[in-house]
Structure formats: structure tokens, C-alpha cells
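J.: What follows is a single structure, and I will ask about it in a moment.
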Amino acid sequence: MSLARTVLLSASRSRWLADQMMRRAFARRAVKRFMPGEDVTDALGAAQTLAAGGIGAVVTQLGENLTSLTEAEAVRDHYLGVFDLIRERRLASQPSVKPTQLGLDLSFEACLSNLETLAAKADADGSLLSIDMEDSSYVDRTLDLFRKLREKHERVGLALQAYLYRTPKDLDALLPLKPIIRLVKGAYAEPPAVAFPKKADVDEAYFALGEKLLGAAAKGGAPPIFGTHDMRLVARLAAKAAQLGVKDGGFEIHMLYGIGSSDQRALVRAGHTVRVLISYGSAWFPWYMRRLAERPANVWFVVKSLLG
Ligand code: FDA
């Protein structure tokens, strides 16, 4: 892992820095590049604009570890309202949630119950509830949550991270469920004992996992979701899909708002199904630092915003 990435990811866990940055106008200006606004209506407005260009959306309220289950219930109720707004506006959008934001640190059972309420809503609306994968200390519990949800609900998806050594085994264990998997490289600071430190190894692990997901899709599994801006990987996976006979629409490509916009449009023109994950909310600091860590050159945008 590069020094800049290590520094930015450890900064993402600093409460002091979060307090400082979130109060500064220049930081809010810089964040705008990755987030249309702090309110859900900002995110849905951006989703509407993207929809005009044939691009769907996934929306997520920022915020991670909580201090009370009442806060988790408020997050659950917020997302119930988001499903309603999406339906009323007839948007091709779906919510994505973080288990810690629904109470995982406080009670597994309470988090499961909050997720069940949202999964039932996704089923009723014909939508999808996507579950993000957080740092490696949460993977076992998040997989347990997903398995329990899948006992009763079809419309639930899960993110898996290619940088973790364990993911091929986790995927093999999940495949009999025909799961909807969003494959990502992984955004957290993980030690070399649990995750590949070298980017080239992560990229190869991603391709191997993607190939397995496409193989499963070719045999009637759910269409995989490739959550990446890595166009080289997307091209390799698209070629593999064609080779395996996975038809158009047999997989989706998801990117983050503000990153790779011209690639998103080019992929739509080439006939691919593309969605953009749009974040909103006031608790943007740790999420924003992970975006900077993915491309430390982004720090330049912060400097430019500081200069006005
Ligand atoms: P890579 O880092 O190789 O980047 C490929 C190219 O994209 C770079 O060359 C650069 O040009 C551009 N790029 C990438 N990130 C950029 C940035 N921040 N700013 C500007 N340009 C950038 N992680 C996780 O741990 N759990 C999760 O649940 C999710 N969920 C998720 C959903 C979706 C839809 C996406 C796209 C990503 C995630 N992630 C995630 C984040 C993911 O793990 C990873 O950190 C980022 O996607 C960056 O990796 P890439 O695959 O884009 O490749």
C-alpha cells in the first residue's frame, strides 16, 4: 500500500480531523466533486439527470458507526422513506446501506431486524436492497446477516471485496444461493495478513472472482455487478462474458458519482447496463478520505478548493 494511501486511510478514522474538516467551507467545496449535496433530494435530483442519459442509480446516506439503536432505527426509517421517494419519482434507483449504520456494532439482532424491514420493502417495491461491505472485522457478521436475509427475501445484494484473501472461499460458499454480488476491490486500510497489499494482485483477484461470477451467471445465477472504475478490468470481464455466452444485460457496471463520468456514458453507448452510486448526508468525512486514498492525486482538488 502506498504511503499516501496509508496516511489518508488512517486520517479517515480521526474524529478530530473529521470535526475540523466538516466545519470548513473549502472542504465542503471539494466534497461536491463526489457528492451532489447533503440531502436525499440532491441525490435523487442527480439520479434523475443520470436517468436521462440511460444511467441508473444507487443511493446511500453517509454515516457509519452509531452510538444508539434509536439512531439505527432512524436510519432504517429514513431508507423506508427513500424507497417511497424513488417509487413516487419513478426512478431506476435503489438504496445501498452499511450494516454499522443500522446498528451492527450494538446488536446483531437489531441490525438484522432493521435490514429485514428494508428487505421486505425492497421485495414489495420490486427494488433491491444492496448491502455494502465494511472493514474486515465486519465480514463474518455481514455474511451472516446476508444469509439470514436471503432465507426470506430475494431482492437483497451484497458487496464482496477482492482485496481480501478470504473472498474466493466466501464467494464459493454463497454461490448456491444465487446471490446478487457487487464485486469491489476494497476501500479500507487492511493489514497484509488479511488483504493483498499490492494493487496488481488485487486486480488479478478481482478478475478471477469476476470470471467466477460470470460463469455462475451463464448457468442461471444472478447477473453480477462490477463496482469499479477500472476500464481495463471492465474490458477483460466484458470479453469473458461474451466468451461464456453471458448476454447483454447479464452483468452491470457500477461506478461512483463524479468518477469516470465519460466512461459511464461510453459504456451505455456500448450497450452495457450502468449505475452510479450517489452518496449524500452530512457525515461525509471518513467516506471522503477513502475516495482521496483511492487516488491521492485527488488531494490536489482539496488544495484548489482551499485556494478558493
Ligand atoms: P482503481 O483504484 O484501480 O481505479 C481505476 C481507475 O479509476 C483509476 O486509475 C482512477 O483513474 C479512477 N479512480 C478510482 N478511484 C478514484 C477516485 N476516488 N477518484 C478519482 N479517480 C478514481 N468498497 C468497499 O470496501 N465496500 C463497498 O461496499 C464498496 N462499494 C462500492 C460501490 C461502488 C459502486 C464502487 C464503484 C466502489 C465501491 N467501493 C466499495 C470502493 C472500492 O472498493 C474501491 O475502493 C474503488 O472503487 C476504487 O477502485 P477501482 O475499482 O475503481 O479501481
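J.: Could you give the C-alpha radius of gyration of the chain expressed as a fraction of 2.2 N^0.38 Å, taking N as the number of residues it contains?
T.: 0.95
J.: Which trypsin sites (Lys or Arg not before Pro) does the stretch 196-293 hold that lie in a coil by DSSP with at most 14 other beta carbons within 10 Å? Mind dumping the intermediate values first?
T.: Working: sites: 198, 199, 212, 219, 232, 236, 240, 247, 265, 269, 275, 290, 291; in loops: 198, 219, 247.
Listed in order of number, the matching sites are 198, 219, 247.
J.: Let me ask something additional. May I ask you to list the aspartates and glutamates whose Cα is less than 19 Å away from that of residue 247, ignoring any residue fewer than eight positions away on the same chain?
T.: Partners within reach: 211.
J.: Percent of accessible area on the chain owned by carbon and sulfur, 1.4 Å probe?
T.: 55
J.: Under 10 Å, Cα contacts only: if you run a Gaussian network model on the chain, which one of 93, 279, 113 comes out with the highest mean-square fluctuation?
T.: Comparing 93, 279, 113 in a Gaussian network model of the chain, the most mobile one is 113.
J.: Report, in deg cm²/dmol and to the nearest 500, the calculated mean residue ellipticity at 222 nm for the chain, where each DSSP H run with n ≥ 4 adds -39500 (n - 2.57) and the sum is divided by the residue count.
T.: Computed ellipticity for the chain at 222 nm equals -16000 deg cm²/dmol.
J.: Only sites in a loop by DSSP and with at most 13 other Cβ atoms within 10 Å count here; which GluC sites (Glu not before Pro) in the stretch 61-151 make the cut?
T.: Nothing satisfies the criteria.
J.: Could you work out which residue, out of 194, 268, 202, moves most in a Gaussian network model of the chain, that is, has the largest mean-square fluctuation with Cα springs under 10 Å?
T.: The residue that fluctuates most here is 194.
J.: Classify the stretch 1-151 from the C-alpha gyration tensor, please: rounded if a/c falls under 1.5, else prolate or oblate depending on whether a/b exceeds b/c. Provide the component values of the computation, followed by the final result.
T.: Working: a/c = 1.78, a/b = 1.11, b/c = 1.60.
It comes out oblate by the Cα gyration axes.
J.: While we're on this one: Over the stretch 1-118, with the other protein chains present, what is the accessible area per residue in square angstrom, probe 1.4 angstrom?
T.: Heavy-atom SASA per residue in the stretch 1-118 reads 47 Å².
The values are calculated or read from the model by the stated rules, or taken from the named source; none is laboratory data. Since this is a predicted model, take the numbers as computed values, not measurements. No Cβ is skipped: glycine too gets one built from the backbone with ideal geometry, and neighbour counts run over all protein chains shown. All accessible areas refer to the heavy atoms of the entire protein, side chains included, with ligands and DNA or RNA removed. Shrake-Rupley method; radii C 1.70, N 1.55, O 1.52, S 1.80 Å.
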